[in-house]
Amino acid sequence: ITVETKKLSAADRSFLAKLARQNSKKQKKQKTTPPPEDPTKIKIVEMEIDGATIVPNLQWSANGQEVLALDQSGHLHKLSVLDGRSLDSLDLGGQGSWLSRCSLGLVAALKSTQEICVVDPETMEIKHRHEASGINKVVGEPSSAVVFVTDGGGRDIYAVDARNGKVTGRVNAAPFHN
């Protein structure tokens, strides 16, 4: 605080001087916090899984501290992004080909069993499992329980309710191919 002291009474100047000394003592007692880490520096963490077998789309946990990865053998892994440790793993029982998210949780495409599998990402428990004939990929979005399933040839896209496995729509994707 800057105050022109010429216009103040002697009592006011004395009070301000005392206040300044107290403030100075408080600042000396306060612990200084280290500066935040430089956000332009990237920390590389080695993960405890074979990256060559992971399907190409990882999913973040709600708290941003873990990443969830599906491997081609159908194992869903929860990995710490802070230190790379494997926190949990779940065998979904089929060959994994794609991982996405919907309002019910994670949704995995299992090619060998021709299924979609909905998993709670926090508890790593299977919530739903539904037949999806010819499945190759599944995509969803966090605010909807409807997911979109593609077949192996990419000829059709099906809208599927992940709660009950019912097909709610179909689009012929052939016109979209060049």
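Quick look at the numbers
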{"quantity": "Average Cα contact separation per residue, the range 39-142, under 8 Å, 6 or more apart, as relative contact order %", "calculated": "20 percent"}
{"quantity": "Mean accessible surface per residue for the range 138-178, computed with a 1.4 Å probe while every protein chain stays in place, in Å²", "calculated": "62 Å²"}
{"quantity": "Cα-Cα separations in the range 70-155 greater than 18 Å, expressed as whole percent", "calculated": "39 percent"}
{"quantity": "Placed amide H near TRP98: partners under 5 Å, 5+ positions off or other chain", "calculated": "ALA109"}
{"quantity": "Percent accessible area from carbon and sulfur atoms, the range 89-155, protein chains only, probe 1.4 Å", "calculated": "49 percent"}
{"quantity": "Difference of contour (0.36 nm per residue) and Cα-Cα distance, TRP60 to ASN172", "calculated": "37.2 nm"}
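The values are calculated or read from the model by the stated rules, or taken from the named source; none is laboratory data. Bear in mind that the values here come from a model prediction, so they are computed numbers and not experimental data. For accessibility, only protein heavy atoms count, side chains too; no ligands or nucleic acids. Shrake-Rupley method; radii C 1.70, N 1.55, O 1.52, S 1.80 Å.
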